[in-house]
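Colleague: This structure is in structure tokens; I'll ask about it shortly.
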Amino acid sequence: MTNEAPLIEVKNLKKYFGEKGGLFQRNVSVVKAVDDVSFQIHRGETFGLVGESGSGKSTIGKSILRLQSITEGEVLFDGKDVHKLSNAEMRNLRPKIQFIFQDPYSSLNPRIRVGDAIGEALLDHGLCEKHEVASKVKEVLEICGLSEYHMNRYPHEFSGGQRQRIGIARAIILQPEFIVADEPVSALDVSIQAQIINLFSKLQRDRNITFLFISHDLSVVEHLCSRIGVLYLGTMMELGSREQLYSNPLHPYTKALLSAVPIPDPTLKRERIILKGDIPNPANPPSGCKFHTRCPFATERCKVEVPEFKEVESGRFVACHLV
Ligand SMILES: Nc1ncnc2c1ncn2[C@@H]1O[C@H](COP(=O)(O)OP(=O)(O)O)[C@@H](O)[C@H]1O
Ligand code: SF4
Ligand SMILES: [Mg+2]
């Protein structure tokens with residue numbers, strides 16, 4: 001880690017989804033998908049965001065890339081507020097910030113050859129001449145473990161793992177500085193997951209890309225991420241380095257998530273915490289600490305008082321009354 005200013009700064013980000021309804025058109029059901037979240041991503045680092053489904057991970061990823069508006073807060077890219085950029089400034093930024101989807105198939109047009117799908121963004125952004133596109137596409141296909149031969153094929157001719165390689169190729173051909181990878185291996189078989197994780201490791205090694213890597217699976221982020229944030233119902237519960245989190249999780253929710261991850265070394269033991277019940281309705285989250293309905297250590301205080309997200313050691317933040 002360096003002393004340079006971070007590439008990404010998320011400051012008190014809020015994203016609420018609300019439906020107006022009723023006699024007075026009041027917001028009847030507001031989902032606080034992201035509720036006052038702050039973190040930074042340093043240049044060249046891979047930051048992991050974990051949490052159960054519905055915790056707000058994708059909403060944070062899309063908000064950072066301005067794929068949707070935000071309710072409150074700031075997202076700084078290289079010191080500039082992304083949500084305040086003009087359209088022209090945003091057009092310049094677009095190729096530098098890319099998104100890799102869980103299912104790249106849904107974003108690939110079934111009637112467009114893969115080579116054209118990967119190359120079109122280069123032309124759209126005016127990043128190269130038409131006659132240079134094919135050689136650039138070939139180059140990124142090879143980096144991503146595919147070959148020139150695949151350029152003339154259609155999306156349906158590829159396996160899930162290959163489609164994810166296409167999604168990655170399409171992102172990196174623009175030579176982005178920052179990529180949000182949203183559950184990029186969650187839809188794949190475990191053996192294929194390992195191959196795609198290896199491809200991400202290679203990109204980390206060979207290219208100076210900064211990543212936000214989103215996953216509901218802590219064993220996946222452990223391989224790739226130097227720092228990790230743990231989300232629950234739109235709130236960051238714990239944030240720290242991989243070493244801090246995996247060797248000594250402090251928040252009961254992190255402990256619970258980790259206790260579900262198998263440890264390869266049988267001599268090591270982890271405190272086993274089984275989460276009770278389901279994740280509550282985000283339109284009506286629990287009072288006080290949002291985790292209190294499932295926390296084995298909850299006290300009366302937890303039901304009424306929101307725990308502060310505080311720095312408990314250098315670079316380590318936890319929101320829990322017990323810590
Ligand atoms: N476009 C939307 N409109 C209304 N609610 C949404 C929208 N997108 C997400 N949500 C809600 O916001 C919460 C967080 O969703 P999401 O960010 O997709 O979580 P995750 O990626 O962690 O599964 C969920 O309750 C989800 O239903
Ligand atoms: S504040 Fe209370 S309910 Fe929340 S995690 Fe800590 S002990 Fe559990
Ligand atoms: Mg998601």
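Colleague: Taking amide H atoms as placed 1.01 Å from N in the peptide plane, list the residues 5 or more away in sequence, or in a different chain, whose amide H sits under 5 Å from that of V312.
Modeller: For V312, whose amide H was placed from the backbone, the distant partners under 5 Å are F317, V318.
Colleague: While we're here: Report for the chain the percent antiparallel among DSSP-assigned beta bridges with both residues inside it, nearest 5.
Modeller: DSSP beta bridges in the chain are roughly 60 percent antiparallel.
Colleague: Moving on to the next point. In whole Å and largest first, what semi-axes does the C-alpha gyration tensor of the chain yield when each eigenvalue is scaled by 5 and square-rooted?
Modeller: 35, 24, 19
Colleague: Same structure again: Which Rg and Dmax, in Å, describe the Cα atoms of region 122-246?
Modeller: 16.3, 50
Colleague: Provide the solvent-accessible area of S107, counting protein heavy atoms only and rolling a 1.4 Å probe, rounded to the nearest 10 Å².
Modeller: 40 Å²
Colleague: Can you compute 3J(HN,Hα) from phi for each residue in region 53-60, using the Karplus curve 6.51 cos²θ - 1.76 cosθ + 1.60 with θ = phi - 60°, rounded to whole Hz and x for Gly and Pro?
Modeller: Once rounded to whole Hz, the list reads 4, x, 7, x, 4, 5, 4, 5.
Colleague: Given the options S63, A134, P184, identify the residue whose Cα lies farthest towards the positive end of the charge dipole of the chain (+1 on Cβ of Lys, Arg; -1 on Cβ of Asp, Glu).
Modeller: Checked the options; the winner is S63.
Colleague: For the chain, what is the accessible area per residue in Å² when the probe is 1.4 Å?
Modeller: The answer is 50 Å² per residue.
Colleague: Note down the magnitude of the dipole of region 111-251 about its Cα centre, charges +1 on Lys and Arg C-beta and -1 on Asp and Glu C-beta and zero elsewhere, to the nearest 20 debye.
Modeller: Approximately 200 debye in magnitude.
Colleague: Can you give the accessible area of C128 in Å² (nearest 10), computed on protein heavy atoms with a 1.4 Å probe?
Modeller: Only protein atoms counted, so the area is about 20 Å².
Colleague: Going highest first, how would you order 48-56, 192-200, 300-308 by mean Cβ packing within 10 Å?
Modeller: Those peptides, ordered most packed to least, come out 48-56, 192-200, 300-308.
Colleague: Place a +1 charge on the Cβ of each Lys and Arg in the chain and a -1 charge on the Cβ of each Asp and Glu, then give the dipole magnitude about the Cα centre in debye, rounded to the nearest 20.
Modeller: For the chain, the charge dipole is close to 460 debye.
Colleague: Checking the cross-link filter: which lysines have an alpha carbon closer than 25 Å to that of K11, excluding same-chain neighbours under 8 positions apart?
Modeller: K32, K57, K62, K80, K84, K96, K290, K310
Colleague: With +1 on each Lys and Arg Cβ and -1 on each Asp and Glu Cβ, and nothing else charged, work out how big the dipole of region 180-224 is about its Cα centre, in Debye to the nearest 20.
Modeller: 260 debye
Colleague: Can you compute 3J(HN,Hα) from phi for each residue in region 166-173, using the Karplus curve 6.51 cos²θ - 1.76 cosθ + 1.60 with θ = phi - 60°, rounded to whole Hz and x for Gly and Pro?
Modeller: Here the 3J(HN,Hα) series is 5, x, 5, 4, 5, 6, 7, 4 Hz.
Colleague: Amide H neighbours of M237 under 5 Å, at least 5 residues apart or on other chains, H built in the peptide plane: list them.
Modeller: Answer set, sorted by chain and number: V230, L231, Y232.
Colleague: What list of ³J(HN,Hα) couplings, whole Hz, do you get for region 150-157 from phi and the Karplus terms 6.51, -1.76, 1.60, once you set θ to phi - 60° and write x for glycine and proline?
Modeller: Here the 3J(HN,Hα) series is 6, 4, 8, 8, 9, x, 5, 7 Hz.
The values are calculated or read from the model by the stated rules, or taken from the named source; none is laboratory data. Given the structure is predicted, the values throughout are model-derived calculations rather than measurements. Neighbour counts are summed over all protein chains in view; Cβ atoms, including those assigned to glycine, are modelled from backbone coordinates with ideal geometry. Calculation scope for accessible area: heavy atoms of the full protein, side chains included, ligands and nucleic acids excluded. Shrake-Rupley method; radii C 1.70, N 1.55, O 1.52, S 1.80 Å.
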